[in-house]
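The values are calculated or read from the model by the stated rules, or taken from the named source; none is laboratory data. Please read all numbers here as calculations on a predicted model, not as lab measurements. No Cβ is skipped: glycine too gets one built from the backbone with ideal geometry, and neighbour counts run over all protein chains shown.
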Amino acid sequence: MSNNHSKLIKEWIIKGQNDLESAEILYKEDGPADAVCFHCHQSVEKFLKAYLVAGNVRFEKIHSLWKLTKLCAVGNKEFLTFEKEMKILDAYYIESRYPPEIKTYTRQECKKILESAQELTQFILDKIEGA
């Protein structure tokens, strides 16, 4: 693996970790729920892209976690076990950002989404490190 390749993987991971940390801080400080959910989505997206880069899989500029997950599953079918979680998180990308789709999320819903993002990013990181 070239240094540029390794560097790109690390950059995706760092950006994903930053999004997850932002979501955690916002949740802890009772910040805007839509921002918590959006950062959760972004974190998982960036970890998926890190996995794809690590596997030398080309991908288009997309934000769909489910589409990215299916690409990841070509190399590891375990990714498919998270279909429900990915599809749920996908909804937060649009709903949390653009009218008229703006939705209000409960604190309990935010906690569930944050926990899901934490679990998913750890799963993906484990797969990257195990490769």
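Here are the numbers:
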read-out	value
One residue from Glu24, Glu29 being in contact (Cβ under 8 Å) with a residue 60 or more places away in the chain, of a type outside the set (A, V, I, L, M, F, W, C) and more than 15 Å from Leu125 (Cα to Cα)	Glu24
Residue check, Leu68 without any contact (Cβ under 8 Å) to a residue 24 or more places away in the chain and crowded, with 21+ Cβ neighbours inside 10 Å	yes
Members of the stretch 10-54 that are among the β-branched types (Val, Ile, Thr) and buried (at least 20 other Cβ atoms within 10 Å of the Cβ)	Ile13, Val36, Val44, Val53
Out of Ala50, Ala35, sole residue that is of a type in the set (A, V, I, L, M, F, W, C), in contact with a Gly (Cβ under 7 Å, 6 or more places away or on another chain) and in contact (Cβ under 8 Å) with a residue 12 or more places away in the chain	Ala50
Failed criterion for Pro100 (all others in (1) at pLDDT 90 or above; (2) farther than 28 Å from Ala131 by Cα hold)	(1)
